[in-house]
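Data block below; observations after.
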Amino acid sequence: MASGTGRVCHFKLVLLGDTAVGKSCLVVRFVRDEFFEFQEPTIGAAFLTQSVNLENATVKFEIWDTAGQERYRSLAPMYYRGAAAAIVVYDITNKESFNGAKSWVKELQRRGDPNVVIALAGNKADLHTKRRVEYEEAQKYAEENCILHMETSAKNATNVKDLFREIGEVMYVID
Ligand code: GDP
């Protein structure tokens, strides 16, 4: 069967994580296959759609990109409520952002949809020479918390489509 044929599934997906980890850039890379060094900060939240074609289905994501600034944090539940999937982003060159990601995962597991599929994205993988978070540490945390984990680069596109495809596959299986 040609890829992308068959069933079309719609899922709400939210991006969470500290400010400047690259959430908007990941969305722009996935949706438009572009990258901007000076991505405008997201105010509140932005909404975009994009599909991934699986072998027997098309998964259409309704993507909510949230602002990471502390002053918007209280708005986050509004965006992750009803989300079937969440990408929690940290910056591999910023240890503090990994701690931030862990607190987002905890919040999602406590207050998000009980079946929410969570993926942890270690972004800026192109800057691996300045790495402050080891892949193995994040992978161990992800396994202990039953969440997906991938290192990505919105800048050079590494693993960005793969991340969404992997989430799409999990969503399709549990839908
Ligand atoms: P957000 O606040 O989490 O949405 O972060 P942005 O998407 O606005 O990105 C913050 C900064 O990080 C910008 O200067 C981007 O150009 C930069 N950036 C985002 N993704 C990457 C990446 O994969 N690699 C590198 N080197 N820089 C990135």
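The values are calculated or read from the model by the stated rules, or taken from the named source; none is laboratory data. Here the structure is a predicted model, which is why all the values come from computation and not from measurement. Note that each Cβ is placed from the backbone with ideal geometry, even for glycine, and that neighbours are counted across all protein chains shown. Side chains are part of the model used for accessible areas, which takes the heavy atoms of the whole protein and leaves out ligands, DNA and RNA. Shrake-Rupley method; radii C 1.70, N 1.55, O 1.52, S 1.80 Å.
Not counting the cut sites, what is the longest span of the chain without GluC sites (Glu not before Pro) that DSSP labels loop and that have at most 15 other Cβ atoms within 10 Å? Can you show the working numbers first?
Numbers: sites that count: E34, E37, E55, E134.
Counting only loop sites that pass the neighbour cut-off, the longest clear stretch is 56-133.
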Please count, across segment 24-171, the pairs of lysine residues with Cα atoms under 22 Å apart that sit 8 or more places apart or on different chains.
15
Give the span of the chain's Cα atoms along each principal axis, as three whole-Å numbers ordered largest to smallest.
44, 33, 33
Segment 16-149, accessible surface, carbon-and-sulfur percent (1.4 angstrom probe)
48 percent
Please give the solvent-accessible surface of W104 in Å², to the nearest 10, using a probe radius of 1.4 Å with every protein chain present.
10 Å²
If each Cα of segment 101-175 is one equal point scatterer, what is log10 of I(q)/I(0) from the Debye formula at q = 0.15, 0.17 Å⁻¹?
-0.55, -0.71
